Amino acid sequence: MDLFGFLELIGGLSLFLFGMSLMGTGLEKSAGNKLKVLLERLTSKKLNGFLMGLAVTTIIQSSSATTVMVVGFVNSGIMTLKQAIHVIMGANVGTTVTAWILSLAGIEGSNLFLKLLKPSSFTPVLALVGIIYYLFIKNERKKDIGLILLGFATLIYGMEGMSAAVRPLGEMEEFRNILLIFSNPVLGVLLGAIVTGIIQSSSASVGILQALSATGQVTMGTAIPIIMGQNIGTCVTALISSVGTNKNARRAAMVHLYFNLIGTVVFLTLFTVLDSLFNFAFLDWPSNHFFIAVAHSLFNILCTAMLLPFSGLLEKLAYKTI
């Protein structure tokens, strides 16, 4: 990759992260207060709490934002720690929706219907509608919708810019060697956690991984541990938001961390053992937008299915820690 390719990558990454932030801001402004009221009222039962966490995160496209909201509710006494645990679990599943939206960018084919499904086909229209709503209409609700559309358009343009910039890396021996290092599952988890911790968004981190898959050099065996690590890295935002809060709020942030740590340790161990026994062929497949979205969803759904019945134990662990 030459200097201009690197600059294109930086530009694409900046647009992508800004678009993610812009879309999240618009979604929170548009639906945030109503969702907060619903979160307060509908979290008394385990399933209700899980579904609310799932719904809120699907709408605002950020598990970090949902978890920060929950930490705030626990701190103010609106929500108990037990209720918060189920919402946090739902948020982890809800955050996978972003990866599915971004997976549309990987659709290929000459069929007109398939072309229309690609974000690059309809994003310019969304951007036009968004700028009209945002600049020329006084109604605040429509301005928020305009902000959401502009954020989505910026995110997609950034994603396409990143994918175009990294594509030449597929031909570079040095890049292949770097990826070989991270084919070690433990190092892959660490990479995913560090990158996500820095940018404080697992959705954005998964999007970057999807863009890197355009090189054709990121195998599923490398991508899966990175996805697991991304779930740990996203806990940073909730941990930061819990600084200076009461004990229960700090416990809620710790539950988020423990949920993702335990899930990652269990499934990484299972993944490694089963691979050594059966030598899974699919781990050598080149990853793409779709496979990464599937892996991200499966991991979060399986973690929740495993730990939801043991939410009481997570609560006890949080009490022992703080």
Grab the helices (runs of 4 or more DSSP H) fully contained in the range 177-241, keeping just those with 2 or more residues being on the phi < 0 side of the Ramachandran plot and in contact with an Asp or Glu (Cβ under 8 Å, 6 or more places away or on another chain). 220-233
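Return a yes/no flag: does the range 74-85 have any residue that is under 25 Å from D144 (Cα atoms) and outside any loop (DSSP other than H, G, I, E, B). First the steps, then the outcome.
Here is the first cut: in the range 74-85, the residues under 25 Å from D144 (Cα atoms) are none.
Taking every residue of the range 74-85 in turn, none turns out to be under 25 Å from D144 (Cα atoms) and outside any loop (DSSP other than H, G, I, E, B).
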Here is a list of conditions, (1) modelled with pLDDT of 90 or more; (2) within 27 Å of G19 (Cβ to Cβ); (3) polar (S, T, N, Q), and S201 meets all of them except one; can you say which number that is? (1)
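Taking the stated definitions as given, is L302 of a type outside the set (S, T, N, Q), open to solvent by 60 Å² or more (accessible area, probe 1.4 Å) and in a helix (DSSP H, G or I)? I'd like the intermediate steps shown before the answer.
Details: of a type outside the set (S, T, N, Q): yes; open to solvent by 60 Å² or more (accessible area, probe 1.4 Å): yes; in a helix (DSSP H, G or I): yes.
Taking the combined requirement at face value, the residue satisfies it.
How many residues are open to solvent by 50 Å² or more (accessible area, probe 1.4 Å) and part of a helix (DSSP H, G or I) when one looks only at the range 144-176? I'd like the intermediate steps shown before the answer.
Step one: filter the range 144-176 for residues open to solvent by 50 Å² or more (accessible area, probe 1.4 Å), giving 145, 157, 160, 167-168, 171-174, 176.
Okay, now just the ones that are also part of a helix (DSSP H, G or I), so 145, 157, 160, 167-168, 171, 173-174, 176.
Looking only at that region, the number is 9.
Can S297 be described as over 13 Å from the mean Cα position of the chain (by Cα), assigned to a helix (DSSP H, G or I), of a type outside the set (D, E) and modelled with pLDDT of 90 or more?
Details: over 13 Å from the mean Cα position of the chain (by Cα): no; assigned to a helix (DSSP H, G or I): yes; of a type outside the set (D, E): yes; modelled with pLDDT of 90 or more: yes.
Judged against the criteria, S297 is not a match.
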Note on the range 214-264: residues among the hydroxyl-bearing types (S, T, Y), open to solvent by 10 Å² or more (accessible area, probe 1.4 Å), out of contact with any Pro (no Cβ under 7 Å at 6 or more places or on another chain) and closer than 30 Å to A165 by Cβ are T215, T237
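Filter the range 267-279 for residues that are touching a helix residue (DSSP H, G or I) at 6+ places or on another chain (Cβ under 7 Å) and hydrophobic (A, V, I, L, M, F, W, C) and give the result.
Those that are touching a helix residue (DSSP H, G or I) at 6+ places or on another chain (Cβ under 7 Å) and hydrophobic (A, V, I, L, M, F, W, C): F267, L268, F271.
The values are calculated or read from the model by the stated rules, or taken from the named source; none is laboratory data. Every value quoted in this text rests on a predicted model; they were computed, and no experiment measured them. FYI the Cβ positions are ideal-geometry reconstructions off the backbone, even for glycines, and counts take in every protein chain you see. These accessible areas exclude ligands, DNA and RNA; they are computed on the full protein's heavy atoms, side chains included. Shrake-Rupley method; radii C 1.70, N 1.55, O 1.52, S 1.80 Å.
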